[in-house]
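Below is one structure, written out as C-alpha cells; the observations come after it.
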Amino acid sequence: MAAATAAAAAALRPHIALLSGGSSPIPSTSLQILPSVSPLPFRRRSRSRSRSVLVSSASSSPSSPPSPEKEAVAEAVPVPTAESCVNLGLELFSKGRVREALEQFENALELNPSPIEAQAALYNKACCHAYREESKKAAECLRTALRDYNLKFGTILNDPDLAPFRASPEFKELQEEALRGGEDVGSGFRRDLKLISEVQAPFRGVRRFFYVALTAAAGISTFFTIPRLILAVKGGDGAPDLLETAGNAAINIGGIVVLVALYFWENKREEKQITQISRNETLSRLPVRLSTNRIIELVQLRDITRPVILAGSKESVTRAMQRAERYRTELLKRGVLLIPVIFGASQKDQTKPRGFGTRRAAASVPSVGGDFEKRTESIAAKSRLKAELRFKADIISPEQWESWIRDQQESEGVTPGEDVYIILRLDGRVRRSGIGMPNWNDILQELPRLEDLMSKLER
C-alpha cells in the first residue's frame, strides 16, 4: 500500500509544479493525498473561476493529469466582467432579444461595476423595460442612474428606445423629480432650438451685427452734432448753418430709430420662428401605438410616412376614417398614416410630487448617451418600422396631443376645439392644415407617391 501511494504521488508532481509555477508548493487545501485513498482525477468548477482546482472524487483508479494544451484552453476562457456583460447585452438588444439582454445588464450590476459601467447597465436596463412597457421598472433604473451615476436627463429625452417610457405617467413624475433635483430638463432643448433657427436663417446674426454697428455710428455722430445744433440755434459769428446741422441731426436720430426698430423686429421674427420650431419638435415627440402594439414617436416616422392627423368630435373623426377606407390603397402608396384624435378623451393622471433627495457625488463620471439620431435614421431600423406600419395609428397620452393641436389652432387663428385636419410632410413638418375633415380626392391629387421624385425632394 505504501509503495502504491508513493507511485501515485510521483505521478501527480508534474501537475502540481504546473499549477504552482514550479517554485512554490501548492497549498495543502488544494490537494490532499491520503494514504488510504487512491489518487483522484481533476474536475473544473464553474466557468466564473479563472483557473481549475483539484477536488475529491469516488474514482477507484488513478487517471493521468491533463496535458499542458488543455490547461492553456482553461486559462483562455474569458471571465465575465461588467463591461463584457453590458456589451453583450447591447448586442442582444440590437437583435431584438430583449429578455436575454435584460439578464446581461442585471449580471453587469452584480459584478462590482465601475460607476460608468453601472450607469450604462442601469440605462440600458431601463431601455429593455421600456420596450416591454414596464414603465415603473424603467423609472426606477433611470432614477438610480440620475441620482447616483450622473446620467444627463437630456439623454432620456432624445433616445428613441425610451419612446414608450416617455409616453407613460412615470416619465412625467421622473421629469418633475429631476427638475427639483437640479437637473437641466429644458435649457438644453432651448439651445437646440436656437441652433435650428440659426440654420434656417443663417444671415440673421450678420444683420443684427450691422444694425448694432450702424446704430453705434449714428449715435456717435449725433453726440457730436447736438452741440453744433445748439451753437447754430444761438447764432453769432462762426456758428454753423442751422438748416444743415438740423438736417444732419434728424438723419442721425431717424437712422437710430429705424435701426433699433429693425433690431427688435428681427428678434420678434426669431422668437416666432423658435415657437414654430418648438411646436414642430413637440409634435415629433408625441407618441403613437402602431397596429403591432409597438409604441414609437412621430420623429421615428420621418422619411417613411406622411401622418394625417384627424382631430375633432368622435362622430366627425369616425366619418372621415370611414371615407378614407375607400381610398386606402392609393393613400398607402402615398405613405399616408391616419392618426385620429378625439377631443375630450384625455384623462390627466395625478401624481404625488417627490424629489431625488441626497445626491451622491459622481462628477467625474461621464453621461452615457450617443448619437441617437443615427439610431433613428438607420436603414435597418426604418426597414423594420416600414414592415410594422399599416393604415392607422392610435395616439398615446391624449392630453399631450390635444394640447399641441389647440396651440396649433391658436397660431392659425382657429377657434380651439373645432374639427381640424393636419397633414405632415415626410420630414415631419406641417405641410398644411384646414378646418373640418379632409377631402380625400384632393389629398390624392396633392400628395405624390413615395417613389416619385417630388417625394424624394420632400425628405
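Rounded to the nearest 0.05, what FRET efficiency is calculated for Met321 and Glu281 with R0 set to 22 Å and r the Cβ-Cβ distance?
Plugging the Cβ-Cβ distance into 1/(1 + (r/R0)^6) gives 0.20.
Just to be sure I understand the model, the point goes 7 Å from the Cα along the line to the Cβ. What's the resulting Asp442 to Asp237 distance in nm?
8.2 nm
Put Glu176, Glu281 in order of accessible area, largest first, 1.4 Å probe: what do you get?
Of Glu176, Glu281, the descending order of accessible area is Glu176, Glu281.
Structure shown: which of Lys137/Lys172; Lys95/Lys333; Lys95/Lys392; Lys333/Lys392 lie over 20 Å apart, alpha-carbon to alpha-carbon? Each step should come with its number before you reach the end.
Working: Lys137/Lys172 15 Å; Lys95/Lys333 29 Å; Lys95/Lys392 27 Å; Lys333/Lys392 14 Å.
Result: Lys95/Lys333; Lys95/Lys392 exceed 20 Å.
What is the Cα coordinate range of region 76-160 on the first, second and third principal axes, sorted by size from largest, in whole angstrom?
Here the Cα extents, ordered largest to smallest, are 42, 27, 19 Å.
Near Cys141, within a Cβ-to-Cβ distance under 12 Å, what is the net charge of the other residues, with Lys and Arg +1 and Asp and Glu -1?
Spelling it out: positives minus negatives among the neighbours equals 0.
Using only the Cα atoms of region 219-306, each taken as one equal point scatterer with no solvent, compute I(q) by the Debye sum, divide by I(0), and report log10 of the ratio at q = 0.17, 0.23, 0.24 Å⁻¹.
-0.81, -1.04, -1.08
Give me the number: length gained by fully extending Lys136 to Val199, i.e. 0.36 nm times residue separation minus the C-alpha to C-alpha distance, one decimal in nm.
18.8 nm
Stretched out fully, how many nm does the piece from Ile226 to Glu270 gain, at 0.36 nm a residue minus the Cα gap?
12.3 nm
Please find the FRET efficiency linking Glu106 to Ser291, where r is the Cβ-Cβ separation and R0 is fixed at 51 Å, and quote it to the nearest 0.05.
0.95
The values are calculated or read from the model by the stated rules, or taken from the named source; none is laboratory data. Remember, it's a predicted structure, so these values are computed and weren't measured experimentally. Glycine gets a Cβ as well: all are built from the backbone with ideal geometry, and neighbour counts include every protein chain shown. With ligands, DNA and RNA removed, areas are computed over all heavy atoms of the protein, side chains included. Shrake-Rupley method; radii C 1.70, N 1.55, O 1.52, S 1.80 Å.
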